[in-house]
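S.K.: Can you keep this structure in mind? I'll have questions shortly.
The values are calculated or read from the model by the stated rules, or taken from the named source; none is laboratory data. Just so it is clear, the model here is predicted, and its values are computed rather than measured. A quick note on method: Cβ atoms are made from the backbone with ideal geometry, for glycine too, and the neighbour counts reach across all protein chains shown. Note: areas computed on protein heavy atoms with side chains; ligands, DNA, RNA excluded. Shrake-Rupley method; radii C 1.70, N 1.55, O 1.52, S 1.80 Å.
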Amino acid sequence: MDGQHDDHRVDANGRSQEEREGPLPKRPRPLLASLSAAEIAEEFSHHDPQVARVNNGSFGCCPASVVSAQIRWQRLFLRQPDEFYFRHLHPSIDRSRALVRQLINAPHLDEVSLVDNATTAAAIVFQNVAWSFMEGVFDRGDAVVMLHYAYGAVKRSINAYVARAGGHVVEVALPFPLSSPDEVVAEFRRALELCRADGRRVRLAVIDHVTSMPSVVIPVKELTRICREEGVDQVFVDGAHSIGNVEVDMQDIGADFYASNLHKWLFCPPSVAFLHTRHSSAAGRRLHHPVVSHEYGNGLPLESGWIGNRDYTPQLVVPAALEFAERFEGGLEGIRRRNHERVVEMGRMLAAAWGTQLGCPPEMSCSMIMVGLPSGLGIASEKDAMGLRALLREEFKVEVPIYYNKQSPDEDGEDKIGAAAVTGYARISHQVYNVAEDYYRLRDAINKLVRDGFNCTLLPSKEQR
């Protein structure tokens, strides 16, 4: 049941059509007219109309039609919870899992689990690695390698699970700005070589598909191949921003574990993600959800499908979200392509207006891109970046993340912060609801700050705001 069709209405005895007539046959996709600009605006009319929202990457978005489908599911549960649990929940989760399996080209349905978010998926993987250290499967001092750009919560999770259990954590130093994927590959190889020189066996490599801050598309297929060549035991790809944003193909990438949120770029409500576990991975059979409930020991898909009484409806509206995407020319692939083209166009417009540059080539970006901010803003710390972001939100009604790019010391030990140094970047996103005016408002807000002689030393304190 996706909450949108009559197929799954229950009869007088509480039975769905599937229970009365057997599994539903596959249906051809409905031939629906493409959404007009007015219809897109209506689907996202619950967004604050006062705000230029160029930050889809943080929390994603959910169209009204999908929200309506979720509400119908919630009401079905509230109407008769026992009926919902015993007859509808698990078959409907399986239907969503089957759609995800097709979307990511996974060979087997039992490789796909639905969880709360990519952070939960990471905890599942790291918990198993921690157990391997504690049980003596891995030796103390064996290494886990992750990118310096890794998401902050994932870094903390690695330390909470793996380092505490005796693992040695190695960060791959990555430069920024970037000019080529070759720079990422070279640094990754260097980190593995250092582990080998130190006599450390690399038990797990954690590789982002699309890093969060700064936003960069990482060559995950090549890095996974290098891991296989170098004897790395397991590869976990953190694709939190990936599905609906870049191509995601499990058989092509070949990682042991891959996770991606469905609420960031796939139009699902918060929060839901998938965790793919490669069928041939021995470690996959040892994975368990960290919240233990009645399905413990019955396989991760079932464990994740019931972790106690909670709202499972974000997992159930995957069919509705994909139906929404099919209303656009080219479906999800067409959305992804146009988002990329538009964010590059808007990024170049902003860079030209500010006299700066993009943080990486367009081919290393997705539906997000980094744009250098004028050096006159004087962004000199993470605190400055957060303060400027708050100022743009509160004074200009523009929502955009700001990245502080710390400068490395030069040969004399002095910071390379000169008049032309770019120490701050805006991470802009593009999703179907965005219009050019959103980016013009960001451009004009920054230009006004520069014109007025503002710099981050003038930021008000929290108490003053």
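S.K.: For residue 390, work out the one condition from (1) in a helix (DSSP H, G or I); (2) open to solvent by 30 Å² or more (accessible area, probe 1.4 Å); (3) within 20 Å of residue 52 (Cβ to Cβ) it doesn't fulfil.
M.R.: All conditions pass for residue 390, except number (2).
S.K.: State which residue is farthest from residue 182 (Cα to Cα) when the search covers only the stretch 393-412 and only residues that are open to solvent by 30 Å² or more (accessible area, probe 1.4 Å), modelled with pLDDT under 95 and in a loop (DSSP other than H, G, I, E, B).
M.R.: Ranking the qualifying residues of the stretch 393-412, first place goes to 412.
S.K.: Continuing with the same structure: What residue, of 230, 183, is acidic (Asp, Glu) and closer than 28 Å to residue 280 by Cβ?
M.R.: Just a single option satisfies the conditions, and that option is 230.
S.K.: Evaluate the stretch 119-136: report whether one residue or more is among the small types (Gly, Ala, Ser), open to solvent by 10 Å² or more (accessible area, probe 1.4 Å) and on the phi > 0 side of the Ramachandran plot.
M.R.: yes
S.K.: Hey, could you check the stretch 95-120 for residues that are touching a residue at least 24 places away in the same chain (Cβ under 8 Å) and among the charged types (D, E, K, R) and say which is nearest to residue 314 (Cα to Cα)?
M.R.: 116
S.K.: What residue, of 322, 358, 373, 350, is closer than 30 Å to residue 114 by Cα, touching a residue at least 24 places away in the same chain (Cβ under 8 Å) and not polar (S, T, N, Q)?
M.R.: It is 322.
S.K.: Here is a check on your reading of the model: is residue 77 assigned to a helix (DSSP H, G or I), without any contact (Cβ under 8 Å) to a residue 40 or more places away in the chain and buried (at least 16 other Cβ atoms within 10 Å of the Cβ)?
M.R.: So residue 77 does not fit the description; no.
S.K.: Give the stretch 419-461 a look and list any residue that's open to solvent by 30 Å² or more (accessible area, probe 1.4 Å), at pLDDT 95 or above and β-branched (Val, Ile, Thr), or say none.
M.R.: 435, 450
S.K.: Do you know which of the residues in the stretch 357-387 that are buried (at least 20 other Cβ atoms within 10 Å of the Cβ) and of a type in the set (S, T, N, Q) is nearest to residue 452 (Cα to Cα)?
M.R.: 375
S.K.: Does the stretch 275-291 contain any residue that is surrounded by 24 or more Cβ atoms within 10 Å (Cβ to Cβ) and under 30 Å from residue 328 (Cβ atoms)?
M.R.: yes
S.K.: In the stretch 292-311, how many residues are on the phi > 0 side of the Ramachandran plot and open to solvent by less than 40 Å² (accessible area, probe 1.4 Å)?
M.R.: Residues flagged as on the phi > 0 side of the Ramachandran plot and open to solvent by less than 40 Å² (accessible area, probe 1.4 Å) within the stretch 292-311 amount to 2.
S.K.: Let me ask something else. Can you name every residue in the stretch 130-147 that is over 24 Å from residue 212 (Cα atoms) and in contact (Cβ under 8 Å) with a residue 24 or more places away in the chain?
M.R.: Correct list: 130, 131, 132, 133, 134, 138, 139, 140, 141, 142.
S.K.: Does residue 248 satisfy the condition of being in contact (Cβ under 8 Å) with a residue 60 or more places away in the chain and of a type in the set (A, V, I, L, M)?
M.R.: Answer is yes for this residue.
S.K.: Can I ask one more? Given (1) over 20 Å from the mean Cα position of the chain (by Cα); (2) within 30 Å of residue 266 (Cα to Cα), identify the lone condition not met by residue 157.
M.R.: Single failed check for residue 157: (1).
S.K.: Hey, residue 150 hits all of (1) open to solvent by less than 50 Å² (accessible area, probe 1.4 Å); (2) of a type outside the set (D, E, K, R); (3) free of Cβ contacts under 8 Å to residues at least 12 places away in the same chain but one; which does it fall short on?
M.R.: It fails just one condition, (3).
S.K.: Do the conditions hold for residue 86, that is, is it closer than 28 Å to residue 294 by Cβ and surrounded by fewer than 20 Cβ atoms within 10 Å (Cβ to Cβ)?
M.R.: Yes; evaluated as a whole, the condition is true for this residue.
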